[in-house]
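To start, the structure under review is shown below, and the notes come after it.
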Amino acid sequence: MKMYVQKLIRRLFPLNSRQKKAFQEIRSFKSTPNCEVACVIFSKDRPIQLFALLESISELSQNLGSISIIYNYESEEFQKAYEQVQKESPLNIKHFLSDNKDGFKSTLMNVLKNTSEDILFFLVDDIVFTHKFDFNLLKGLPFREGIFSLRLGETIRYSYMARSAQKIPKLKTLTLNNQKLICWNWNEEKLDWGYPLSVDGHLFCKDEIFVMTQTLDFFAPNSYEKELQRFSRAMKSIKKGFALKKPVLFNNPCNMVQKEIISNRSGNLSTVELLNKWNERKSIDVSKFKNHENTSVHEELKLTFKARLP
């Protein structure tokens, strides 16, 4: 009974005094972000999938700012593969940091402190870009009023994780830099359309995410996202949702590497088998995903491989 009461209190009153103060600070921010965008990527024992993400970003995105990578490995073989990813990356990486020594939260906080862009988003390593996206499109977007999603769009009608259909919200349209955007109220929706604090391609004001993050207790990306949900109700009360009409990326959850939330749905492709592919100088052929129109933010698609250039 005591545990039930504690969970009920936490659900009804998710913010402790420090977090309430952080939200008040967020409400006080008035400066207009410069709309330069940084990306922070989380990876664990999936070097070949991380490389695929980097290739898709290189091919399909324009005018993205700094990219930082925080990775974790459980063996020397994976560590060596990550070192190869860093050397062969098609993109310039600002920070390429292992959290094995200092821990995930400390490493993340250091990356956030040393990121100069005003806007940032997180990605995990099983994501790939599917459509071209120019981050200059976001210039003029009122980030103090909303959260822009790279993973949502009018095609998203199903939840892979919930194994359930999900309705598209009542959408409004607006035009920004000659591009049609959709807008909705996070507070009125469920599942992915009601989940603003995602680490899978949602764009945040850096000062806001920094203030939230420093008040939370977490040990890895999954517990980080789970802890961010303490602020979900509060952020929904002050933020709208923005997106393009079509998503520009999706998660391909072909395997699971994290041990924090084992109820998450995924495929069972072996990380060791994928490591062997990498060591055979192969990479995932991301061209197979180009222009894919997903109906869920997570979709299991078959991986095909190609030779990696020497």
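Residue count for region 173-187 under the criterion of being exposed (fewer than 12 other Cβ atoms within 10 Å of the Cβ) and either within 20 Å of the chain's Cα centre (by Cα) or not hydrophobic (A, V, I, L, M, F, W, C) (or both): the result is 4.
Quick grid of which residues meet (1) within 15 Å of Gln49 (Cα to Cα); (2) charged (D, E, K, R); (3) surrounded by 12 or more Cβ atoms within 10 Å (Cβ to Cβ):
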site	(1), (2), (3)
His292	no, no, yes
Thr295	no, no, yes
Glu300	yes, yes, yes
Ala307	yes, no, no
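Just one of the listed residues (Leu60, Leu120) is within 23 Å of Phe242 (Cβ to Cβ) and in contact with a His (Cβ under 7 Å, 6 or more places away or on another chain), namely Leu60. For region 66-89, the set of residues classified as over 24 Å from Cys35 (Cα atoms), modelled with pLDDT of 95 or more and assigned to a loop (DSSP other than H, G, I, E, B) consists of Ser89 only. Within region 134-150, the set of residues being more than 16 Å from the chain's Cα centre (by Cα) and among the hydrophobic types (A, V, I, L, M, F, W, C) comprises Leu137, Leu138, Leu141, Phe143.
Gly201 falls short on exactly one of the conditions (1) free of Cβ contacts under 8 Å to residues at least 12 places away in the same chain; (2) within 20 Å of the chain's Cα centre (by Cα), and that condition is (1). If you go through region 97-126 and keep only what is surrounded by fewer than 18 Cβ atoms within 10 Å (Cβ to Cβ) and part of a loop (DSSP other than H, G, I, E, B), you end up with Asn100, Lys101, Asp102, Gly103, Asn114, Ser116, Glu117.
The one condition from (1) within 28 Å of Glu299 (Cα to Cα); (2) modelled with pLDDT under 95 that Asn100 does not meet is (1). Remark: pairs (first residue in region 292-309, assigned to a loop (DSSP other than H, G, I, E, B); second residue of a type in the set (Lys, Arg); Cβ separation under 7 Å; 6+ apart in sequence or on different chains) = Glu293/Lys246; Thr295/Arg157; Val297/Arg151; Thr304/Lys288; Arg308/Arg281; Arg308/Lys282.
Scanning region 241-271 for residues that are at pLDDT 75 or above, in contact with a Lys or Arg (Cβ under 9 Å, 6 or more places away or on another chain), closer than 16 Å to Ile48 by Cα and part of a loop (DSSP other than H, G, I, E, B) turns up Pro253, Cys254, Asn255. Residues of region 214-228 that are surrounded by fewer than 18 Cβ atoms within 10 Å (Cβ to Cβ) and either among the polar types (S, T, N, Q) or part of a helix (DSSP H, G or I) (or both): Gln214, Ser223, Lys226. In region 109-149, the residue that is modelled with the lowest pLDDT out of those that are under 16 Å from Gln179 (Cβ atoms) and of a type in the set (D, E, K, R) is Lys139.
Residues are listed down the side, and each one gets a yes or a no for (1) in contact with a helix residue (DSSP H, G or I) (Cβ under 6 Å, 6 or more places away or on another chain); (2) assigned to a loop (DSSP other than H, G, I, E, B):
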{"residue": "Pro142", "(1), (2)": "no, yes"}
{"residue": "Arg151", "(1), (2)": "no, yes"}
{"residue": "Ile168", "(1), (2)": "no, yes"}
{"residue": "Leu197", "(1), (2)": "yes, yes"}
{"residue": "Leu203", "(1), (2)": "no, no"}
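Within region 28-63, being part of a helix (DSSP H, G or I) and either among the small types (Gly, Ala, Ser) or at pLDDT below 95 (or both) holds for Ser28, Ala52, Ser56, Ser58.
Checking region 274-289 against the condition returns no match, with no residue being part of a loop (DSSP other than H, G, I, E, B) and modelled with pLDDT under 95.
The values are calculated or read from the model by the stated rules, or taken from the named source; none is laboratory data. Owing to the predicted nature of the structure, the values given are computational and were not obtained by experimental measurement. Virtual Cβ from ideal backbone geometry, glycine too; neighbours counted across all protein chains shown.
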